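Following: one structure in structure tokens, then a few remarks.
We did not get these values from a lab; they are worked out from the coordinates using the rules stated. This one's a predicted model, so the numbers in the text were calculated from it and none came from an experiment. All Cβ positions, glycine included, derive from the backbone under ideal geometry; neighbour counts span all protein chains shown.
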Amino acid sequence: MDRFVVIGGDAAGMSAAMQIRRTHPNAGITIFEKGTTYSYAQCGLPYYIGGYIPSAEKLIARTREAFQEKYNMNATILHEAVAIDPKGQTVTVRDLQQGTETEHPYDKLLIATGGRAVLPDWDGAQLEGVFALKTLADAERIIAYAQQNSVQQAVVIGGGYIGLEMAEAFHALGKTVRVINRGNQVAGPWDKELADLLSEEMQQKGVTVNLEEEIAGITGADGRVTAVQTKTASYPADLVLVAVGIVPNSELAKAAGLTLSVRDAIHVNSKMETSHPNIWAAGDAATQYHRVKKRDDYIPLGTHANKMGRIAGKQMAAGVGEFQGVLGTAILKVFDLTAARTGLSAAEAVQEKIPHKTVTLKTLHHAGYYPDALPLHVKLIVRESDGLLLGAQAVGRAGADKRIDVLATALWNGMTADDLLDLDLAYAPPHNAVWDPVQQAARRL
């Protein structure tokens with residue numbers, strides 16, 4: 001019976017482990033996890049910090065004990081994989097409690113080491129009160145620090161997913177919040193005219209947004225943060241959250257000689273196979289094939305990690321299944337607005353050198369004569385030559401989630417703007433207009 005080893009006990013790793021267990025009820029499965037918590041919802045961390053979720057236990061899908069007792073897995077904690085020998089098929093593991101190292105043989109190995117938050121080496125980045133957010137332990141530290149009475153002014157550096165969610169979380173805790181972003185818009189995956197709606201929403205709620213400001217350093221007193229310095233101004237800060245991106249934890253794979261690709265993520269094929277036999281990789285440590293760009297990309301999202309882990313597990317267990325790629329479909333709550341997107345933005349279409357045209361429509365999320373119809377902005381990006389859908393975005397107080405899932409499904413299946421007009425979508429005045437906003441936009445192309 002094959003010996004299965006998984007490095008990493010969260011989304012990708014445990015999705016794979018469960019697939020292996022379903023196929024091989026008696027196989028030996030060992031997971032090496034350097035932290036202390038298994039299989040939890042990292043995407044829920046900002047809402048836990050903001051007090052929307054009452055306890056960390058609510059974020060845990062399955063406990064370590066469940067994997068051990070119910071699924072008969074050797075689920076370790078505080079065990080860090082520090083080396084892989086592909087030729088000898090062993091993993092060297094350090095026991096972080098004892099400080100000892102041991103070698104563990106494998107027949108099939110999955111690298112699911114995830115990613116980590118970028119923390120630039122600015123002056124003052126190591127001061128007390130400066131945080132990044134990626135793990136449950138990070139969240140617990142932020143909560144403990146934010147509860148101090150002296151912490152009143154929170155500065156968020158970065159206007160991406162985590163930055164915007166954390167701005168709202170700190171606002172919910174009663175803090176004075178400022179977001180500083182180097183670019184000329186927040187929410188980089190969206191085009192500027194829709195992203196600007198999010199900036200307006202935050203400012204209406206009392207969050208200050210500073211765009212096109214570059215960080216020069218972080219200053220403090222008595223070892224604690226007191227201000228964030230940009231190249232043009234100084235902003236007081238009792239707490240700083242750095243949210244400027246994610247990088248893959250691929251150093252272990254690189255040292256073992258595995259091929260890396262986009263942004264130094266581990267290169268994998270559709271079977272999640274790496275460049276070396278009997279080694280798979282999945283999740284935030286690995287590349288994903290982008291169905292519109294027609295090439296490998298790096299878009300670390302929880303949905304991708306779970307699906308990649310599932311395929312890795314099926315391949316390791318039975319040699320079946322292939323990962324069909326990603327569109328980068330995502331959704332974001334910013335106070336009372338929802339922003340959703342799929343595929344390419346217009347800016348990305350330019351980068352990919354795809355001739356295209358766009359339409360941006362401001363409409364209502366259901367029939368205008370029915371009470372409480374709310375504004376909804378929909379943008380479509382299509383190929384200029386034939387109207388093939390390349391991407392879409394939606395922002396509004398209601399209805400954006402429904403529309404983006406329709407558009408993601410259309411994009412996945414290679415539909416054109418004309419094809420959207422033929423869709424048989426649900427209609428009743430409380431829920432929709434007779435022409436869905438997706439179709440209203442398509443008619444204008």
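Before moving on, here are some points about what is shown:
- Dipole check for region 337-443: with +1 at the C-beta of Lys and Arg, -1 at the C-beta of Asp and Glu, and the Cα centre as origin, the magnitude is about 380 Debye.
- Contour excess over end-to-end distance, with Cα ends at Tyr370 and Asp386 and 0.36 nm allotted per residue: 2.2 nm
- For region 414-445 and region 30-78, distance of Cα centres in Å: 41 Å
- Cα gyration tensor shape of region 383-439, rounded if a/c is under 1.5, else prolate or oblate by comparing a/b with b/c: prolate
- One chain, two ends: Lys70 and Glu322. Fully extended at 0.36 nm per residue, the span grows by 87.9 nm beyond their Cα-Cα distance.
- Note on Glu212 and Asp123: with the Förster distance fixed at 22 Å, the Cβ-Cβ geometry gives a FRET efficiency of about 0.55.
- Reported to the nearest whole Å, the Cα centre-to-centre distance from region 98-132 to region 149-201 is 26.
- Between Thr36 and Lys58, residue separation times 0.36 nm minus the direct Cα-Cα distance comes to 6.3 nm.
- Pairwise FRET efficiency - Thr360 versus Asp422, Cβ, R0 = 30 Å, nearest 0.05: 0.85
- Three-way shape call for the chain based on the alpha-carbon gyration tensor, with the a/c threshold at 1.5: oblate
- Among the listed pairs Lys254/Lys314; Lys175/Lys402; Lys87/Lys108; Lys294/Lys357; Lys134/Lys294; Lys293/Lys353, those beyond 22 Å (Cα-Cα): Lys254/Lys314; Lys175/Lys402; Lys134/Lys294
- Residues in region 283-314 that a label on Thr259 would reach, taking backbone N under 20 Å of a point 7 Å out along Cα→Cβ: 283-291, 293-299, 312
- For the chain, a simple Cβ point-charge model (Lys and Arg +1, Asp and Glu -1, everything else neutral) yields a dipole of about 620 debye relative to the Cα centre.
- Global geometry of region 107-198, whether rounded, prolate or oblate, following the gyration tensor of its Cα atoms and the 1.5 cut on a/c: oblate
- Using a Förster distance of 60 Å, the FRET efficiency for His24-Ala221 (Cβ separation, nearest 0.05): 0.55
- Ranked by the mean number of other Cβ atoms within 10 Å per residue, highest first, peptides 389-398, 295-304 order as 389-398, 295-304.
- Partners of Lys231 within straight-line reach, counting aspartates and glutamates whose Cα lies under 17 Å from its Cα and excluding those fewer than 8 residues away in the same chain: Asp121, Asp123, Glu212, Glu213, Glu214.
- Cross-link partners of Lys362 among aspartates and glutamates (Cα-Cα below 18 Å; sequence separation of 8 or more within a chain): Asp191, Glu193, Asp196, Glu200, Glu201, Asp336, Asp372, Asp401, Asp436
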